[in-house]
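A.B. asks: This is the structure I have questions about; it appears just below.
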Ligand code: AMP
Ligand code: ZN
């Protein structure tokens, strides 16, 4: 089955062919760690995690190398550290830990590599040196600038006309620039800011060179896939490409496929810290299960804009409730049945294949979700028909297809009980124990009364061969 991906460079969907199928490489631009990240920042995390999973499924878990960086040198980080009176590393470690915890709760696997700018400084300085030697950059007044005139393809990724690039850059042109479009590779630090020794004086790197050097160090150039949000196409990715090609480190190749996710919007506008219209993942995760937020982020195609609303999250939650209910009912049905290994439910297998096919079509998640529901409906129908073989096989396929997308990883019982707080849980457990005792004593009126009390708590009790289990009732 061919995986096709929409490549921003060619502005078309192209069949994906890695340079070396035993070593598939992907890099995605990561966060600046000075605060909790908002749910919009996690759209690329979840989208590229899905692609990571699809690539691992297609090429093997160990054949895919995924690097997602952390920017830990930035003015906003310096300010936060100064405001709190703590070392910079205290800030970056704190928010990197929070970011990784949120990403894990959203079902994202840890990338193979998570390079940090502060730990890549030697490679950054070496790459700037090579750019100067290759006549791709020049030093001026303590700065090093990339020489855009040295790269004939400058503008090729963003397809911006040259006049626009010049006009855009013309605002406030620094006197040491040969061309308004030239951008900073190295600059002096202001007093009190962190600085590193370099052949051009003490200072710090520009943002774009950091990613190019981290890619080279983590994965080697060129790479197969480079990803990020659509806002990064220009200038960040345009500049990364120029640096990577002119460094001469990847035989003048940088990335073979450029993928960009659309914005997550709040109302009409992009969710962003500067606009102040953000919902923090950290806060949302206190109210909603991570899988529901992940589902909401994947509810639209990744290249489209997506509007973040309460009803989007509620719909995601009830979509998952529907799937988990099928898993729960089918597990209970199968508990009393002999196992039927080795038999395949062919029509469920066709839906399972449709999930994978949809993902291979440029990560078409809406189509993948539709195929998951079809598969779940078949498992439900098999339970109604008491067809144990069809249930066992279909249920296995449903779990597998869900897992491929990072869903259905919870035990169904705990999924339904996760909505209940600890107080409710202990009350329910105590009532179930009392009911058990009442039934053992053949005190039927008391057992019925307790069942009524449980129903009033919106709890459904299911008696099975291994005792009673319970779940929060389905909403009508
Ligand atoms: P930033 O911390 O703003 O540099 O963003 C980190 C990553 O999140 C980049 O890939 C951005 O393109 C992406 N991003 C930031 N805000 C949004 C948003 N509202 N919707 C989608 N992606 C976003
Ligand atoms: Zn980057």
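The values are calculated or read from the model by the stated rules, or taken from the named source; none is laboratory data. Note that the structure is predicted; figures quoted are calculated from it, not measured. All Cβ positions, even for glycine, are placed from backbone atoms using ideal geometry, and neighbour counts span all protein chains on display.
A.B. asks: Among the residues of the stretch 278-315, which ones are more than 18 Å from the chain's Cα centre (by Cα) and part of a helix (DSSP H, G or I)? Before the answer, list the steps.
C.D. replies: Let us first name the residues in the stretch 278-315 that are more than 18 Å from the chain's Cα centre (by Cα), namely 286-287, 309-311, 314-315.
Of everything in the stretch 278-315, those that are more than 18 Å from the chain's Cα centre (by Cα) and part of a helix (DSSP H, G or I) turn out to be 286, 287, 310, 311, 314, 315.
A.B. asks: Something else: Condition (residue is without any contact (Cβ under 8 Å) to a residue 60 or more places away in the chain and either within 30 Å of residue 52 (Cα to Cα) or within 16 Å of ligand 2 (Cβ to nearest atom) (or both)) applied to the stretch 160-170: is it met by at least one residue?
C.D. replies: Scanning the stretch 160-170 turns up no residue that is without any contact (Cβ under 8 Å) to a residue 60 or more places away in the chain and either within 30 Å of residue 52 (Cα to Cα) or within 16 Å of ligand 2 (Cβ to nearest atom) (or both).
A.B. asks: Hey, can you tell me all the residues within the stretch 174-203 that are away from ligand 2 (no atom under 16 Å from the Cβ) and not in a loop (DSSP other than H, G, I, E, B)? It would help to see each step written out before you state the result.
C.D. replies: Within the stretch 174-203, the first condition is being away from ligand 2 (no atom under 16 Å from the Cβ), and the residues that meet it are 174-182, 186-203.
Hits for the stretch 174-203 are 186, 187, 196, 203.
A.B. asks: Separate question: Looking only at the stretch 217-225, decide whether some residue is more than 16 Å from ligand 1 (Cβ to nearest atom), surrounded by fewer than 23 Cβ atoms within 10 Å (Cβ to Cβ), in a loop (DSSP other than H, G, I, E, B) and under 22 Å from the mean Cα position of the chain (by Cα).
C.D. replies: yes
A.B. asks: Restrict the check to the stretch 316-330 and report whether at least one residue is free of Cβ contacts under 8 Å to residues at least 40 places away in the same chain, within 29 Å of residue 259 (Cα to Cα) and surrounded by fewer than 16 Cβ atoms within 10 Å (Cβ to Cβ).
C.D. replies: No, there is no match, as no residue in the stretch 316-330 is free of Cβ contacts under 8 Å to residues at least 40 places away in the same chain, within 29 Å of residue 259 (Cα to Cα) and surrounded by fewer than 16 Cβ atoms within 10 Å (Cβ to Cβ).
A.B. asks: I'd like to know if the stretch 104-122 contains one or more residues that are free of Cβ contacts under 8 Å to residues at least 60 places away in the same chain, away from ligand 2 (no atom under 16 Å from the Cβ) and surrounded by 21 or more Cβ atoms within 10 Å (Cβ to Cβ).
C.D. replies: Taking every residue of the stretch 104-122 in turn, none turns out to be free of Cβ contacts under 8 Å to residues at least 60 places away in the same chain, away from ligand 2 (no atom under 16 Å from the Cβ) and surrounded by 21 or more Cβ atoms within 10 Å (Cβ to Cβ).
A.B. asks: If you check 291, 305, which single one turns out to be touching a residue at least 40 places away in the same chain (Cβ under 8 Å) and surrounded by fewer than 18 Cβ atoms within 10 Å (Cβ to Cβ)?
C.D. replies: Being touching a residue at least 40 places away in the same chain (Cβ under 8 Å) and surrounded by fewer than 18 Cβ atoms within 10 Å (Cβ to Cβ) holds for just one of 291, 305, which is 305.
A.B. asks: Would you check which residues across the stretch 316-349 are assigned to a helix (DSSP H, G or I) and more than 12 Å from residue 376 (Cα to Cα) and list them?
C.D. replies: 316, 317, 318, 331, 332, 333, 334, 335, 346
A.B. asks: Which of the residues spanning the stretch 239-270 are in a helix (DSSP H, G or I) and within 14 Å of ligand 1 (Cβ to nearest atom)?
C.D. replies: 240
A.B. asks: Sort through 46, 24, 64, 70 and tell me the only one that's within 21 Å of the chain's Cα centre (by Cα) and within 16 Å of ligand 2 (Cβ to nearest atom).
C.D. replies: When all the criteria are applied, what remains is 70.
A.B. asks: Regarding residue 140, is this residue over 16 Å from residue 208 (Cα atoms) and outside the structural domain of residue 36 (by TED's automatic domain parsing)?
C.D. replies: Answer is yes for this residue.
A.B. asks: Here is a follow-up. Right, residue 66: in contact (Cβ under 8 Å) with a residue 40 or more places away in the chain and in contact with a helix residue (DSSP H, G or I) (Cβ under 9 Å, 6 or more places away or on another chain) or not?
C.D. replies: In short, yes.
A.B. asks: Of the residues in the stretch 226-258, how many are within 13 Å of ligand 2 (Cβ to nearest atom), surrounded by 20 or more Cβ atoms within 10 Å (Cβ to Cβ) and under 30 Å from residue 312 (Cβ atoms)?
C.D. replies: Total meeting the criteria: 7.
A.B. asks: Something else: Out of curiosity, is residue 53 away from ligand 1 (no atom under 12 Å from the Cβ) and in contact (Cβ under 8 Å) with a residue 40 or more places away in the chain?
C.D. replies: For residue 53, the condition - away from ligand 1 (no atom under 12 Å from the Cβ) and in contact (Cβ under 8 Å) with a residue 40 or more places away in the chain - is met.
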